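A short write-up of the structure that comes next.
The values are calculated or read from the model by the stated rules, or taken from the named source; none is laboratory data. This structure is a prediction, so every number in the text was calculated from the model and none was measured. Note that we place each Cβ from the backbone using ideal geometry, even for glycine, and neighbour counts take in every protein chain shown.
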Amino acid sequence: MPVKELRLLICSAGRRVGLLQCFRSAAERLGIQLEILACDLVPDLSAACAVADRAFAVPRCNDPGYAKAILDIVRDNQVNLVVPTIDPELMPLASVADDFAQLGARLHVAPTDIIEVVRDKRLTSETLEAAGVPVPGSLGHEALLADPDALGWPVFAKPSGGSASRGLQVFQNINELPDSFEEPMVFQQLLRGPEYTINMFVDKGGQLQTVVPHLRIQIRAGEVEKGKTVRRDDFRQIAEGVHRALPGLTGVACFQVIDDPDLGPRVIEINARFGGGYPLADHAGAYFAQWLLEEVLDRPCGANDDWRENVKMLRYDSAVYDG
């Protein structure tokens, strides 16, 4: 029988049942017993919390007490690995990374300087462009007002710190542009063409080991609902550029690309965490969850690029019942 060796905490677990299942499958392949803890604002209403071994209530991730609540769970339960799942919690946790290290837990979060870049879409674009990564032309609100034709029309607008497809807009001309917005916005060339997610795994030594693109065939609430893995050398080269631009990024990350028929592939955003479509990469043989566990266990990391192409994922609604 496997001996209990690790405890994992999945933060903001929500509906991430697929991610939880990937970690359970990884533990089976490794021959270890993995206890999965999950937390959320209202764990009784979280499907992932319902299927975890134990669940905890925590404040919202923008609450000043959020990081302490996560640290308390880690300390009280001897958690070995902490995996955040949404963008707004990355900086609060990264800011106390040393506290997690003192507790002997690996926090799967990039350093604060990386989070500052990836949480600001304008800064992301500037950083990537400086490293030679293809990105759409981008401007802030004032810059666009000062030079209305700099990007051409129509333009695509999104909150600079947004996520989950929140606040996306398209403006056809300068006359449609409001004088002000409730939050900082970034304006970009409107790209057309198929959209891809590129999942990447960087080992703890800083080597880019795996790049798994998948075509986002259909999207719902900002996450891929139908997708298919593809191999493309140009996407691998772009991932290498992202790695150069953000050398402190380790573990799991993903970025979005639109393959515009005129401009070619352009990176539109980066997520320094497991993406919502990660289970597709895992099913195709890119076992990011397993490789993280191997690193936490101090075992040789089996990260490789030998995953299967043309693996299709068709998500559907399911349910978890209680009572």
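Side notes on the structure shown:
- Qualifying residue in the range 284-293 (condition: within 19 Å of the chain's Cα centre (by Cα) and surrounded by fewer than 19 Cβ atoms within 10 Å (Cβ to Cβ)): yes
- Remark: pairs (first residue in the range 25-44, not assigned by TED's automatic domain parsing to the domain that holds Asp76; second residue at pLDDT 95 or above and part of a loop (DSSP other than H, G, I, E, B); Cβ separation under 6 Å; 6+ apart in sequence or on different chains) are absent.
- All positions within the range 1-30 that are in a loop (DSSP other than H, G, I, E, B) and of a type in the set (Lys, Arg): Arg15, Arg16
Conditions tested, residue by residue: (1) at pLDDT below 85; (2) among the aliphatic types (A, V, I, L, M).
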site: Val109; (1), (2): no, yes
site: Ser125; (1), (2): no, no
site: Ala150; (1), (2): yes, yes
site: Val155; (1), (2): no, yes
site: Ser160; (1), (2): yes, no
site: Ser163; (1), (2): yes, no
site: Leu168; (1), (2): yes, yes
site: Asn175; (1), (2): yes, no
site: Glu183; (1), (2): yes, no
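- Qualifying positions in the range 131-154 - in a helix (DSSP H, G or I) and not aliphatic (A, V, I, L, M): His141, Glu142
- Residue within the range 162-180 that is crowded, with 17+ Cβ neighbours inside 10 Å, among the small types (Gly, Ala, Ser) and in a strand (DSSP E or B) present: no
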